[in-house]
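What follows is a single structure, written as structure tokens, with notes after it.
The values are calculated or read from the model by the stated rules, or taken from the named source; none is laboratory data. Here the structure is a predicted model, which means the values were calculated and not measured. Backbone-built Cβ (ideal geometry, glycine too); neighbour counts: all protein chains shown.
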Amino acid sequence: MKDAFSLADLDAVSRLAGHLTAPDADAARAAAARQGQLTKPPGSLGRLEDLAIFMAGWQGREIPRIDRAQALVFAGNHGVCAQGINAFPPEVTAQMVANFRHGGAAINQLCGWAGAELAVVPLDLDRPTADFTQGPAMRPDETLAAMNAGAAASDPGADVLVLGEMGIGNTTIAAALAAACLGGEVAEWVGPGAGADDATMARKARVVAAALERNPDRAPMAILSALGGREQAAICGAVLAARAARVPVILDGFICTAAVLPLFAADPGFLDHCLVAHRSAEPGHGRMIAALGKAPLLDLGMRLGEGSGAALALGVLRAALACHGGMATFAEAGVAGG
Ligand SMILES: Cc1cc2ncn([C@H]3O[C@H](COP(=O)(O)O)[C@@H](O)[C@H]3O)c2cc1C
Ligand SMILES: O=C(O)c1cccnc1
């Protein structure tokens, strides 16, 4: 059994930076060499080849596999909903958690299809975070508790971790995190989310600008506390715990990517074991992924959240590993030219 990962305090994140586990270079090299011997023109499987090599490095074996895919959906509620920044009422967060538990949501179908074991982790839904236009959304102890809840939920024995979220209002949270971590015009990070009209989007931009002004500390964990929410902190905790256990991670869309920006700000290497599943239709997502230096696996015009894009990308990852592990080499198949 690997030791459970937890953070003693928020400063532990900066102490971890610079001391991160690296992928296994030998396993990655062996996987790359194997790709060159499989019965196909070199490079012809494109990014599927890169995915197999990426998985080999993190799993530390030439032929990586996915016996156990864990999917975690973290749910939280946000005080900033009082500012009228969302198309749906905050009660929908808890109602969707019930829907996840009954198997009725998109993420249930996609996890069933992709072979991921789904767990839903509601985080104090009856206690929304504070409205960040009035002060920090969370106290440091609340942030730490949510990060450790995320870490505790993530299974160090999983072969891959699929991450998602549910939290009405959290595209506003995501826009604030992006503006604080990456800069740029606030309006560039604001989009329709779950269906905001133009007037609501304009209000969202004003609310995010007010939150940035009210919470000026730009230290990464201060940003997470002041401008994030519990599901964002839990995602950060799960990403850190997965890293400690060398479990590769598939991040979902706009909200999930925004959630880990404070980790990126602390040390870009924190996200080396993370893939970005897809480019969300939320307008700021492409720019956000580009800032991380990552290329999304899919671009299907999706803007749901819940981990839906990440579960779909798991299917692509499984396909990559099926080819990598199952194909014959030129020598094995007696095909000339290898
Ligand atoms: C029924 C329903 C199911 C969802 N599943 C994910 N989201 C997505 O929409 C929310 C963010 O959008 P906004 O910031 O505009 O509230 C998050 O819960 C996200 O996961 C949903 C939203 C709704 C309404
Ligand atoms: O990409 C996402 O995560 C997203 C976009 C809009 C609404 N909910 C989620």
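Conditions (1) farther than 23 Å from residue 76 by Cα; (2) more than 12 Å from ligand 2 (Cβ to nearest atom); (3) touching a strand residue (DSSP E or B) at 6+ places or on another chain (Cβ under 8 Å); (4) at pLDDT below 95, marked per residue:
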position	(1), (2), (3), (4)
255	no, no, yes, no
261	no, yes, no, no
264	no, yes, no, no
267	yes, yes, no, no
274	no, yes, yes, no
282	no, no, no, no
290	yes, yes, no, no
293	yes, yes, no, no
296	yes, no, yes, no
In this structure, does residue 332 turn out to be surrounded by fewer than 24 Cβ atoms within 10 Å (Cβ to Cβ) and either out of contact with any Ser or Thr (no Cβ under 7 Å at 6 or more places or on another chain) or more than 22 Å from residue 72 (Cα to Cα) (or both)? yes
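Would you call residue 310 in the same structural domain as residue 131 (by TED's automatic domain parsing) and either more than 16 Å from ligand 1 (Cβ to nearest atom) or in contact with a Leu (Cβ under 7 Å, 6 or more places away or on another chain) (or both)?
It is true that residue 310 is in the same structural domain as residue 131 (by TED's automatic domain parsing) and either more than 16 Å from ligand 1 (Cβ to nearest atom) or in contact with a Leu (Cβ under 7 Å, 6 or more places away or on another chain) (or both).
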Positions within the stretch 241-264 being closer than 17 Å to residue 138 by Cβ and touching a residue at least 40 places away in the same chain (Cβ under 8 Å), in sequence order: 255, 258, 259, 261, 262, 263
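Please find, among 94, 98, 82, 114, the residue that is at pLDDT 95 or above and in contact with a helix residue (DSSP H, G or I) (Cβ under 8 Å, 6 or more places away or on another chain).
Selected residue: 114, the only one of 94, 98, 82, 114 that is at pLDDT 95 or above and in contact with a helix residue (DSSP H, G or I) (Cβ under 8 Å, 6 or more places away or on another chain).
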Within the stretch 191-204, take every residue that is buried (at least 18 other Cβ atoms within 10 Å of the Cβ) and closer than 18 Å to residue 165 by Cα and give me the one that is farthest from ligand 1 (Cβ to nearest atom). 191
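Just for helices (runs of 4 or more DSSP H) wholly inside the stretch 77-156: which have at least 3 residues that are in contact (Cβ under 8 Å) with a residue 60 or more places away in the chain and touching a Cys at 6+ places or on another chain (Cβ under 9 Å)?
140-153
Within the group 116, 178, which residue is under 17 Å from the mean Cα position of the chain (by Cα), crowded, with 24+ Cβ neighbours inside 10 Å and over 30 Å from residue 65 (Cβ atoms)? So that I can check it myself, show each step before the final result.
Values: 116 fails: over 30 Å from residue 65 (Cβ atoms).
The unique qualifying residue is 178.
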